[in-house]
1. Go through the residues of region 45-52 one by one and say whether even a single one is in a loop (DSSP other than H, G, I, E, B) and within 30 Å of Ala29 (Cα to Cα).
2. Could you please find all residues in region 39-69 being basic (Lys, Arg) and loosely packed, with under 10 Cβ neighbours inside 10 Å?
3. Would a scan of region 37-53 turn up a residue that is modelled with pLDDT under 95 and of a type in the set (Lys, Arg)?
Amino acid sequence: MAHNPRPHSTTDISTVEARQRFSEVVNRAAFGKERVVLTRHGRPLAAVVPVEDLQLIRAAEDAEDLAAARAALAEGGTPIPIDDVVKRYGGRMVR
């Protein structure tokens, strides 16, 4: 696995190599801020990324969810109590 010290660089490695060098892969993401793409048969399969990248992804998803919720509220309509939703669609309420 060639090492690229640039912050937020991306390296592709096979899952076989990643298994053999797991600690190094994790350390490169955690401390080197490197994104490591795991491949199988040359195709991207998964990625090991710095936790800061995950936090950015989550923040973006939260912003998207908030925008969708605000748009739904702006449409108006009658609110449906959560108990009615659970009765209709199933699921277990945790209180």
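1. First pass over region 45-52, keeping only residues in a loop (DSSP other than H, G, I, E, B): 49-50.
Now restrict to residues that are within 30 Å of Ala29 (Cα to Cα): 49-50.
Within region 45-52, one or more residues are in a loop (DSSP other than H, G, I, E, B) and within 30 Å of Ala29 (Cα to Cα).
2. Filtering region 39-69 for residues basic (Lys, Arg) gives 40, 43, 58.
The answer is Arg43, and nothing else.
3. Of the residues in region 37-53, the ones modelled with pLDDT under 95 are none.
No.
The values are calculated or read from the model by the stated rules, or taken from the named source; none is laboratory data. Since we're looking at a predicted model, the values are computed, not measured. Cβ coordinates were reconstructed from backbone atoms using ideal geometry, including for glycine residues, and neighbour counts include every protein chain displayed.
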